[in-house]
Amino acid sequence: MLTLQPLFSRFFVAASFINAFIVFNVFHALPFSSLVPFAVSHQTYDRLRIYHYYLPVYWWVSQQLEQHRKAGHQTALVLGISAPQGCGKTTLVEQLQQLFTWLGHRAASVSIDDFYLTHTDQKDLAARHPGNRLLQLRGNAGTHDLGLGSETLKRLRELRSAGDTAAVPRYDKSAFGGLGDRADPSTWPVVSGPLDVVLFEGWMSGFAPLEPSAAEAVEPALAAVNEQLRSYRTTWDELVDSWLVIRIGDPQWVYKWRLQAEERMKAGGKPGMSAEQIADFVSRFMPAYTAYLPGLYTRGPTTARHGRTLVIEVDQNRSPLAQQPNPVV
């Protein structure tokens, strides 16, 4: 029988209950062939990863949903997930969504990437900041359509009745030779109510702006990004009910993870970036990581509240550390 692990211990869940839960509701029921798309044994890695990582997080989010309902909220719980690129947040979101579905709740997911500016609007932004390398391409604060994002989140969390629907924007990163553009609205997926949980993930979610001089000290180009970041709290972060932060030991790991992703794409017959292209791409995000991750890890996201924020630290293999950080809120 499996033993209780650190993440479960943090939630004060009895080991006997969890073992029984896994045996009868997960190991015997969930289609593991669809979980964790890595080339490893489904009999070992998949089940251990679900037990040590995905299931504890699911349990915590379920507790957050219960608190949300007890507080009298009828809207769906909006869970903000802040995690660096490549650390496994997309896979985590996919597994959480499937676990909620399989175990009796309805969940939908959306990424801040879905709210990038249109190709035309991004070109206009770049033209207004011709010398700023951080705003020439999509990615940093200022390259998102905040109005579209807040409108979408509000529609999703209000899906409380059967028959209610909301279209979720999608962004086509392959358009215009990889520069990207918003996908045609006719192709956007439609989510049906009632919804219990909205999973809202992003690499820079919950970042708090610095004093202008501090941002400029990191890199002069970051000053404009830092100013744009001030609007994210009121338009997006205020809509988040609970926060999950995936912490990493070194932002330089993002280079390695991106390289691994490109190698998997090439192995699958898809075009991928060279090592030099990857370095240039990731370098555009590094100033933001340098400036904002320390505050995120010590104080939590902008709208973090006591008892509604979970920080999990992962290693270079994207697995939770045995010794987890103390709560920040």
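The values are calculated or read from the model by the stated rules, or taken from the named source; none is laboratory data. None of the values given here were measured: they were computed from a predicted structure. Don't worry about glycine lacking a Cβ; one is built from the backbone with ideal geometry, like all the others, and counts go over all protein chains shown. With ligands, DNA and RNA removed, areas are computed over all heavy atoms of the protein, side chains included. Shrake-Rupley method; radii C 1.70, N 1.55, O 1.52, S 1.80 Å.
Points worth noting:
- Only residues that are exposed (fewer than 14 other Cβ atoms within 10 Å of the Cβ), among the charged types (D, E, K, R) and within 24 Å of ARG258 (Cα to Cα) were counted in region 286-329, giving 1.
- Which numbered condition ALA275 fails, given (1) touching a Leu at 6+ places or on another chain (Cβ under 9 Å); (2) under 23 Å from ALA224 (Cα atoms): (2)
- Qualifying positions in region 263-285 - open to solvent by 50 Å² or more (accessible area, probe 1.4 Å) and of a type in the set (Gly, Ala, Ser): ALA267, GLY268, GLY269, ALA275
- Of all residues in region 134-158, those satisfying the criterion of being basic (Lys, Arg) and either crowded, with 22+ Cβ neighbours inside 10 Å or out of contact with any strand residue (DSSP E or B) (no Cβ under 7 Å at 6 or more places or on another chain) (or both) are LYS154, ARG157.
- Whichever residue in region 34-66 is among the aromatic types (Phe, Trp, Tyr) and modelled with pLDDT under 85 and, among such residues, is nearest to ARG106 (Cα to Cα): TYR51
- Residue in region 128-143 that is under 30 Å from VAL197 (Cα atoms) and hydrophobic (A, V, I, L, M, F, W, C) present: yes
- Within region 98-121, considering residues that are of a type in the set (S, T, N, Q) and at pLDDT below 95, the one most open to solvent (accessible area, probe 1.4 Å): THR101
- Candidates GLY131, GLY163, GLY202 - the one that is open to solvent by 50 Å² or more (accessible area, probe 1.4 Å) and closer than 21 Å to GLN97 by Cα: GLY163
- Cβ pairs under 8 Å, 6+ apart, first in region 230-255 and closer than 28 Å to GLN277 by Cα, second open to solvent by 50 Å² or more (accessible area, probe 1.4 Å): GLY249/GLN316; PRO251/THR290; TRP253/GLN316
- Any hit, region 252-259, residues being open to solvent by less than 20 Å² (accessible area, probe 1.4 Å) and either out of contact with any Lys or Arg (no Cβ under 8 Å at 6 or more places or on another chain) or more than 22 Å from ASN132 (Cβ to Cβ) (or both): yes
- Checked against (1) modelled with pLDDT under 80; (2) in contact with a strand residue (DSSP E or B) (Cβ under 8 Å, 6 or more places away or on another chain); (3) of a type in the set (A, V, I, L, M, F, W, C), VAL240 passes all but condition (1).
- The set of residues in region 151-199 being under 19 Å from the mean Cα position of the chain (by Cα) and among the aromatic types (Phe, Trp, Tyr) consists of TYR171 alone.
- Residue in region 84-92 that is out of contact with any helix residue (DSSP H, G or I) (no Cβ under 9 Å at 6 or more places or on another chain) and modelled with pLDDT under 95 present: yes
- Cβ pairs under 9 Å, 6+ apart, first in region 118-134 and within 16 Å of LEU222 (Cβ to Cβ), second open to solvent by 20 Å² or more (accessible area, probe 1.4 Å) and part of a helix (DSSP H, G or I): HIS129/ALA224; ASN132/ALA223; ASN132/ALA224; ARG133/SER283; LEU134/ALA224
- Long-range neighbours under 9 Å by Cβ, at least six apart or interchain, first residue hydroxyl-bearing (Ser, Thr, Tyr) within region 64-78, second modelled with pLDDT under 95: THR75/ARG160
- Count of region 63-82 residues which are open to solvent by 60 Å² or more (accessible area, probe 1.4 Å) and of a type in the set (Ser, Thr, Tyr): 0
- Restricting region 187-199 to residues that are β-branched (Val, Ile, Thr) and within 16 Å of GLN98 (Cα to Cα) leaves a set whose member that is most open to solvent (accessible area, probe 1.4 Å) is VAL191.
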